[in-house]
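Down below is the structure, laid out as structure tokens.
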Amino acid sequence: MLLTPHETKSLEETANDIRESVIEMLVHAGSGHTAGPLGMADVFTVLYFHTLRHDPKNPAWDGRDRLVLSNGHICPVLYATMAHAGYFPLEELNTLRKFGSRLQGHPHREFLPALETSSGPLGEGLSQAVGMAIADRMDGQDGARKIYCLMSDGELEEGETWEAAMLAGKQALYNLVALIDRNNIQIDGFTEQVMPLEPLADKWRAWNWHIVEIDGHNVQEIAAAFDEAKSIYEKPTMIIAHTIPGKGVAEFERDFHWHGKPPDAEQARMALAELRTLGRKIESEAE
Amino acid sequence: MADAPSRLDETLNPKLFDDDVEEIAIRTGFGEGLVCAGDADPRVVVLSGDLTESAQALAFKKKFPERFVELGVAEQNMAAVASGMAAMGKIPFITSYAMFSPGRNWEQIRTTIAYNNQPVKIAGSHAGVSVGPDGGTHQAIEDIAITRVVPRIIVVCPCDAIEARKATVAAVTTGTPVYLRLARNKTPVMTTDGTPFEIGRARIVWKSDSPNVGFVATGALLHNALLAARTLRDEGIEVEVMNLSTVKPLDTDAIVALAKKAKRIVTIEEHQVFAGMGSAVAECLVERYPVPMRFVGVHDRFGQSGTPEQLVDYYGMGLDAIIDAARKVIAA
């Protein structure tokens, strides 16, 4: 179902708020990843505020969809989205990466039980999501809920990814929906220079996946892609979301140096000013 | 009153010293245990990496095809898929050779199973040099070290097929990850259905009222340890032999009690002596009751092709090596 103009603007505003939270968290933490979290804010917003069946006040609800974040290093955007969705207070976001915080540097479900998995080491999330989808099929729950897996493009270089891709294709796990953050950067540079991944869609298609390619910043396209995945009953779906690393802050965009470092206080001030200007623009357009 | 001579635990197989003692592979006991576990608990599922028959998942597959997953030759995926299945309430057993699981997929086991606190059971067959002709690539002699170092993982090395069956059934109920160390070849059946087994509990299987030395053995080498104890008794050296089937959590009270009683300890394992079962025993005793020790096991080498007996002897774990270690530690 298409988003209404009102829904669209609301999601865009929320995504912008989440980006602001990400910047604030990172500057408080003094370490962490900037580019990926900003780039995935729109996808996370659509998931938590539109697509996912979940209950922030009852995270253990058994009927919930499951969301596995494979590339755990972008967890600032996961935490920020969860806080905005009501899982925990916004003030807690500023404890990111601090001793004793529930918001560990990479997600740890023992500290924050609302997480489905602890993650960080790359290439493992899809396998876990495949396991969840197989278990649901065994239990006849494959029609009742979806298993979502969010992955980075750089982590596709891990061989385990393709072991999981083969198994999901073999089992035709239509209850599995994965999404690649195709932002073209990784720590050492651009993916196509570090280790070429293209033709990416063809690779997944060859393993019996249904492919949807979208603009990962267009909330209507993101929502439509997840809706399309729900209508596929023969195979798992892979959404390749083309994103801009560092999206929303001109100085951070498309620069791989922002993969793994936080902004300093001055850069954060500049970034927040830019995001707030953008936020006001979305608001005024909505009026 | 004179002490009674050292003797075999009454619950053990009375024929275990006979030439025609029944021999069954430890992995076979695991395969039987899997079926028992599947019968007892519908949450039990089994994952296979193209070694269904060899790693003894075939009987389970035949009885419970809907609870069996074939993943192909992909042990890293297998560990993490099992983690995901456990997250949905399953109790998965992942089955392969120890060299590949927990060998190749160690980090997946650490992160997706142990760190995630998912109760996946890792069954590693073909542990030890007694794999034989396949050669060193397939002889896992580092697997105790790499599993016992990971928090939460329970490490069990059954001494025979019957104990393997019991350990497999018991592993279902721990609520934790478990590593079951299994061996390929037929080995003597030493225990009986009536021998008590509990994960985390060591058991004295050859008793002595006043031992000169204590043997702590794990896995099928317990048989050599018992043969050595009987031989030494005939020479006037009294031994008490412990079957330490659970390497982690260590039954420290039982080990300290043995050290206090025997004053000398020899550990016996088909594994590198570095960081294996003997090291675990030493870690305990150095802190609580230091006594002279000797370590029977592989000393920093890789295996090779040969018969199991040739290899166990060549790498210093045969009857003579155990007797020699006992004499040396008594002289220490």
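Filter the stretch B:243-270 down to residues that are outside any loop (DSSP other than H, G, I, E, B) and either within 12 Å of B:Pro290 (Cα to Cα) or small (Gly, Ala, Ser) (or both), then give me how many there are.
Start the filter on the stretch B:243-270 by keeping residues that are outside any loop (DSSP other than H, G, I, E, B), which leaves B:243, B:246-248, B:252-262, B:265-270.
Remaining after also requiring either within 12 Å of B:Pro290 (Cα to Cα) or small (Gly, Ala, Ser) (or both): B:254-260, B:262, B:265.
Number satisfying all stated conditions: 9.
Is it true that some residue in the stretch B:192-214 is within 16 Å of B:Arg7 (Cα to Cα), surrounded by 24 or more Cβ atoms within 10 Å (Cβ to Cβ) and under 14 Å from the mean Cα position of the chain (by Cα)?
no
Listed here are the residues, each with its yes/no results for (1) surrounded by 13 or more Cβ atoms within 10 Å (Cβ to Cβ); (2) in a loop (DSSP other than H, G, I, E, B).
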{"residue": "A:Pro196", "(1), (2)": "no, yes"}
{"residue": "A:Arg205", "(1), (2)": "yes, no"}
{"residue": "A:Ile214", "(1), (2)": "yes, no"}
{"residue": "A:Ala224", "(1), (2)": "yes, no"}
{"residue": "A:Phe252", "(1), (2)": "yes, yes"}
{"residue": "A:Met270", "(1), (2)": "yes, no"}
{"residue": "A:Arg280", "(1), (2)": "no, no"}
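From the list B:Ser101, B:Ser130, B:Ser96, B:Ser83, which one is in contact with a helix residue (DSSP H, G or I) (Cβ under 7 Å, 6 or more places away or on another chain) and away from chain A (no Cβ under 14 Å)? Give the steps one after another, and end with the answer.
On the way: B:Ser101 fails: away from chain A (no Cβ under 14 Å); B:Ser96 fails: away from chain A (no Cβ under 14 Å); B:Ser83 fails: away from chain A (no Cβ under 14 Å).
Exactly one residue qualifies, and that residue is B:Ser130.
Out of (1) outside the structural domain of B:Phe93 (by TED's automatic domain parsing); (2) touching a strand residue (DSSP E or B) at 6+ places or on another chain (Cβ under 6 Å), what's the single condition that is false for B:Thr176?
(1)
Please go through the stretch B:43-76 and give me each residue that is within 10 Å of chain A (Cβ to nearest Cβ) and either without any contact (Cβ under 8 Å) to a residue 12 or more places away in the chain or among the basic types (Lys, Arg) (or both), ordered by number.
Answer for the stretch B:43-76, where residues must be within 10 Å of chain A (Cβ to nearest Cβ) and either without any contact (Cβ under 8 Å) to a residue 12 or more places away in the chain or among the basic types (Lys, Arg) (or both): B:Arg43, B:Glu66, B:Arg67.
Name every residue in the stretch A:226-247 that is closer than 18 Å to A:Ala206 by Cα and either at pLDDT below 95 or not in a strand (DSSP E or B) (or both), in order of residue number.
Residues of the stretch A:226-247 closer than 18 Å to A:Ala206 by Cα: A:229, A:232-240.
Result: A:Ala229, A:Ile232, A:Tyr233, A:Glu234, A:Lys235, A:Pro236.
Of all the strands (runs of 3 or more DSSP E) wholly in the stretch B:18-87, which have at least 1 residues that are at pLDDT 95 or above and within 17 Å of B:Ala171 (Cβ to Cβ)?
Working: elements: B:23-25, B:44-48, B:68-70.
Per the criteria, B:44-48.
Taking the conditions exactly as written (crowded, with 19+ Cβ neighbours inside 10 Å, hydrophobic (A, V, I, L, M, F, W, C) and more than 14 Å from chain A (Cβ to nearest Cβ)), does B:Ala123 satisfy them or not? Working first, answer last.
Working: crowded, with 19+ Cβ neighbours inside 10 Å: yes; hydrophobic (A, V, I, L, M, F, W, C): yes; more than 14 Å from chain A (Cβ to nearest Cβ): yes.
It is true that B:Ala123 is crowded, with 19+ Cβ neighbours inside 10 Å, hydrophobic (A, V, I, L, M, F, W, C) and more than 14 Å from chain A (Cβ to nearest Cβ).
Which condition breaks for A:Met166 when tested against (1) surrounded by 23 or more Cβ atoms within 10 Å (Cβ to Cβ); (2) over 23 Å from A:Arg19 (Cα atoms)?
If we test A:Met166 against (1) surrounded by 23 or more Cβ atoms within 10 Å (Cβ to Cβ); (2) over 23 Å from A:Arg19 (Cα atoms), just (1) comes out false.
Restricting to the stretch B:93-141, name every residue that is within 18 Å of B:Gly297 (Cβ to Cβ), in a strand (DSSP E or B) and of a type outside the set (A, V, I, L, M, F, W, C). Give the derivation first.
As a first pass, look at the stretch B:93-141 and keep what is within 18 Å of B:Gly297 (Cβ to Cβ): B:98-99, B:103, B:124, B:126-132, B:136, B:139-141.
Going one step further and asking which of them are in a strand (DSSP E or B), we end up with B:124, B:127, B:140.
Passing the criteria: only B:Gly124.
The values are calculated or read from the model by the stated rules, or taken from the named source; none is laboratory data. Computed from a predicted structure; not experimentally measured. Quick reminder, even Gly has a Cβ in these numbers, built from the backbone with ideal geometry, and neighbours come from all protein chains shown.
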